[in-house]
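The values are calculated or read from the model by the stated rules, or taken from the named source; none is laboratory data. Quick caveat, the model's predicted, so the values are computed rather than measured. So basically every Cβ, Gly included, is an ideal-geometry build from the backbone, and we count neighbours across all protein chains shown.
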């Protein structure tokens, strides 16, 4: 199967809207919501959870106070200030490094598994959706993204699906790296603003590092024709294909408020998205 990543250098550029729109068109795909820090594709899919799995993040320290002699070695060695004067662990500060366990002379501190979130396999009107929830304050989102992708691949192989469509996190951090590595194509969604153009180039640098080809989709292109032209010129100069341009239209927000994709909600937009998918599929 082919793995398509929809990415953007900033939040709110429209990648989830595009991913959901593709769901109304592509019938032979598994969808993976890899924006695990702020998952929202399920708001449009209205999925029914079939399976759920605990996600184990970084280990955290725990103290056996019967063994503790209050020597303060652990507190003095913790560079994250995660241990109080009473030798109590502050989970929100513990980074799981294990130095406290290492320096404790009485083996009073142990590192234990930490349930950092959940992974879900769900069915929906668009087919299978793999998504996840990361608990508040947890950080190993790149690891969770890899689990979501692997589960999506497992389902795609089991049911003979042709595509895996991945809704990535915004930016260029660990979850984005985990989303792009090993994919077949990245659709970089960019708005017609200076900040979005800067962030678009950063996403392209990540894709270049992993040798994953990419194309561009310009969203809200009509809010700034000058910046849209700048994007077009940049892509032309660098041999980057633009698969489509989506205008700013309040109908997109109306569709989301009604829990529908833009393809389900508006015929004119549906035709536009269908053309974009044809261009994307050609590059896949």
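Given the criteria in contact (Cβ under 8 Å) with a residue 40 or more places away in the chain and not in a loop (DSSP other than H, G, I, E, B), does residue 235 qualify? Judged against the criteria, residue 235 is not a match. Does the range 218-232 hold any residues that are closer than 23 Å to residue 168 by Cα and outside any helix (DSSP H, G or I), and which are they? 218, 219, 220 - these are the residues of the range 218-232 that are closer than 23 Å to residue 168 by Cα and outside any helix (DSSP H, G or I). Scanning the range 136-145 for residues that are more than 10 Å from the chain's Cα centre (by Cα) and either at pLDDT below 85 or over 16 Å from residue 96 (Cα atoms) (or both) gives 136, 137, 138, 139, 140.
Applying the criterion of being in contact (Cβ under 8 Å) with a residue 40 or more places away in the chain and closer than 18 Å to residue 222 by Cβ to the residues of the range 242-267, the residue that is surrounded by the most Cβ atoms within 10 Å (Cβ to Cβ) is 262.
When each of 206, 190, 215, 186 is tested for being surrounded by fewer than 24 Cβ atoms within 10 Å (Cβ to Cβ) and either at pLDDT below 95 or part of a strand (DSSP E or B) (or both), the lone residue that passes is 215. In summary, residue 51 fulfils each of the numbered conditions (1) modelled with pLDDT under 90; (2) in the same structural domain as residue 147 (by TED's automatic domain parsing); (3) farther than 30 Å from residue 198 by Cβ with the single exception of condition (1).
The requirement of being surrounded by fewer than 16 Cβ atoms within 10 Å (Cβ to Cβ) and at pLDDT below 95 is satisfied by residue 225.
Is it true that some residue in the range 59-81 is closer than 27 Å to residue 274 by Cα and touching a strand residue (DSSP E or B) at 6+ places or on another chain (Cβ under 9 Å)? Looking through the range 59-81, none of the residues is closer than 27 Å to residue 274 by Cα and touching a strand residue (DSSP E or B) at 6+ places or on another chain (Cβ under 9 Å). Taking the criterion of being assigned to a helix (DSSP H, G or I) and either modelled with pLDDT under 95 or closer than 21 Å to residue 51 by Cβ (or both), would at least one residue in the range 162-174 satisfy it? For the range 162-174, residues assigned to a helix (DSSP H, G or I) and either modelled with pLDDT under 95 or closer than 21 Å to residue 51 by Cβ (or both): present. Taking the criterion of being surrounded by 14 or more Cβ atoms within 10 Å (Cβ to Cβ), in a loop (DSSP other than H, G, I, E, B) and within 31 Å of the chain's Cα centre (by Cα), the residues of the range 41-79 that qualify are 41, 47, 57, 58, 59. Scanning the range 208-243 for residues that are on the phi > 0 side of the Ramachandran plot and over 22 Å from the mean Cα position of the chain (by Cα) yields one hit, 239.
Within the range 2-26, being outside any strand (DSSP E or B), surrounded by fewer than 19 Cβ atoms within 10 Å (Cβ to Cβ) and at pLDDT 90 or above holds for one residue alone: 25. Cβ separations smaller than 7 Å between residues 6+ apart or across chains give the following pairs from the range 11-23 residues that are in the same structural domain as residue 221 (by TED's automatic domain parsing) to residues that are assigned to a loop (DSSP other than H, G, I, E, B): 16/40; 16/41; 19/41; 20/41; 20/261; 21/261; 23/126; 23/261. For residue 133, the conditions (1) closer than 29 Å to residue 264 by Cβ; (2) part of a helix (DSSP H, G or I) all hold with the exception of (2).
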